[in-house]
Amino acid sequence: MKEKLRYLVYFGIIISIELFCSLTLNSMGIRKENILMVFIVGVLLISTFTKGYFYGLLASIVSVLCFNFLYIDPNYDFHISDPNDFMLILFFLMTSVIVCSLTDRFQKQIIISKKNEGISKQLYSLSERLLNVSGIEYILLKGNQYIEESIQIKTNISLEIKEESKNVIPIIGMNRVLGSIEILSHQGLNEDQMIIIKAAANQLGNALERELTYLEQEKIKIAMEREHMLNSMLRSISHDLRTPLTGIVGASQLMMNQDHLTNEDVYSLAKDIHDQAHWLTQIVENILNMSKIESGNLVLHKNLEVVDDLIYEAIQHLPELEKRNVVVDVPQDLLFINVDGKLMVQVFINILNNAIKYTKEKDQITIHVKKLEDEVQFMIKDTGSGISKNILDHIFEEFVTDTNVSNDSQKGIGLGLAICKAIIQAHGGKIWAKDEKDGACFIFTIPSDKELNV
């Protein structure tokens, strides 16, 4: 209503100016053919300012009547006596109508252009939002926020594929439907709102396609890495199993021919068989533990364990430590921790085995235990060759071994420390490694539930 009233005011003002200008020109002796141009300009101005074909057409009729009444003989009458005047008025009316039509069409094109510009800006805003967004849930959230901010309509964007309808717009990627936009508003949507929602669906389709393609590539990459790791593991296992088995077979064959062996020879061969069998047991134990960890079947059977007992039990399982200078530094008061004793012994064995591999005979290995406020800290330090910088950040990953160290005693497939990390984290603790000037240092913590002083 306000808009119509404003247009009527414009109409009256322009017609008044038009009449004033024409009368002024007429008093100056300007011919009526030239005065007619004032009325055409008035019609053009009314068509422009009122933004409507109706007002322009009305202005054409009123202008014709005014021109006829004021300037066509006989004056102040609507009769036309001269055929030339009739043709002049007819051409004026035709020109006015054409001007109104062109102006109206031009204004509509401007409105459409502005609308398209606004939609383009909104789509650019959405594209800019989604450009650096990663994560499917975050992309869907940004899409919901954009639609609600743009047209104040609640929507539910998901990867669920629903049948297309008035309230469901499909999200289409590269030749496949990726999800849908469900319109939650019960009120009908206009054409502009539907255009924005459909355009948002296209932008979301591009963003989701990019994210899904990236995830698929990552899956392929992970699968290839796992296949590579599996091949490496099989090669390492076959090598590490073949070596001790060959030694066991060779030693046992020699023992079968006892006629040429002394008691010392038999003892040496038996000890060699024992050491090789022990090493095989450790390999199998690590493989079984890692398979449990990766399948999620690692179950903790916690009991209150004495820290000293866990350490000395692990040392007893490693006869190679007899050739090293082992120092155990534990508090005088007995420390108790609530852990799975068997798995914790495995942690000590794996870290100590690592120390054995990278140290020489008579090198020192220190096991230091310290009671902190709410946890017990274990530190196992050796005076060996240390940790190479190229593996320090990955030392607790699967199948990581230091290939730069030449050591005849180096054996293993790189599972021991990865198992340690999984066991420690399962107990709620932390583990890390440091490369020091005089060797390697492994530190891990276990939460302490109870401490008894004896």
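The values are calculated or read from the model by the stated rules, or taken from the named source; none is laboratory data. Here the structure is a predicted model, which is why all the values come from computation and not from measurement. A quick note on method: Cβ atoms are made from the backbone with ideal geometry, for glycine too, and the neighbour counts reach across all protein chains shown. Remember, those area values only see protein heavy atoms, side chains included, never the ligands or the DNA or RNA. Shrake-Rupley method; radii C 1.70, N 1.55, O 1.52, S 1.80 Å.
Checking each residue in region 348-366 for being in a helix (DSSP H, G or I) and either open to solvent by less than 10 Å² (accessible area, probe 1.4 Å) or not basic (K, R) (or both) picks out F348, I349, N350, I351, L352, N353, N354, A355, I356. None of D275, D363 is farther than 22 Å from I395 by Cβ and among the acidic types (D, E) except D275.
Kindly provide the set of residues from region 1-17 that are modelled with pLDDT of 80 or more, of a type outside the set (S, T, Y) and open to solvent by less than 80 Å² (accessible area, probe 1.4 Å), ordered by number. Hits for region 1-17 are V9, G12, I14, I15. Of all the criteria given as (1) in a helix (DSSP H, G or I); (2) over 19 Å from G416 (Cβ atoms); (3) open to solvent by 70 Å² or more (accessible area, probe 1.4 Å); (4) at pLDDT below 85, the one not satisfied by V299 is (1). Among the residues examined, V38 does not qualify as among the β-branched types (V, I, T), surrounded by fewer than 16 Cβ atoms within 10 Å (Cβ to Cβ) and modelled with pLDDT of 80 or more. Residue check: A199 meets all listed conditions (1) at pLDDT 85 or above; (2) open to solvent by less than 30 Å² (accessible area, probe 1.4 Å) but one, namely (1). Of the residues making up region 17-72, those that are basic (K, R) and farther than 29 Å from K4 by Cβ are R31, K32. Considering every residue within region 61-83, establish whether at least one is of a type in the set (A, V, I, L, M), part of a helix (DSSP H, G or I), loosely packed, with under 11 Cβ neighbours inside 10 Å and touching a helix residue (DSSP H, G or I) at 6+ places or on another chain (Cβ under 9 Å). Scanning region 61-83 turns up no residue that is of a type in the set (A, V, I, L, M), part of a helix (DSSP H, G or I), loosely packed, with under 11 Cβ neighbours inside 10 Å and touching a helix residue (DSSP H, G or I) at 6+ places or on another chain (Cβ under 9 Å).
Residue-wise test of (1) on the phi > 0 side of the Ramachandran plot; (2) in a loop (DSSP other than H, G, I, E, B); (3) in contact with a Phe, Trp or Tyr (Cβ under 8 Å, 6 or more places away or on another chain).
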residue: N338; (1), (2), (3): no, no, no
residue: L343; (1), (2), (3): no, no, no
residue: Q346; (1), (2), (3): no, no, no
residue: E373; (1), (2), (3): no, yes, no
residue: F378; (1), (2), (3): no, no, yes
residue: G386; (1), (2), (3): yes, yes, yes
residue: N390; (1), (2), (3): no, no, no
residue: H394; (1), (2), (3): no, yes, no
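Scanning region 397-454 for residues that are assigned to a loop (DSSP other than H, G, I, E, B) and either modelled with pLDDT under 85 or open to solvent by 50 Å² or more (accessible area, probe 1.4 Å) (or both) yields a count of 29.
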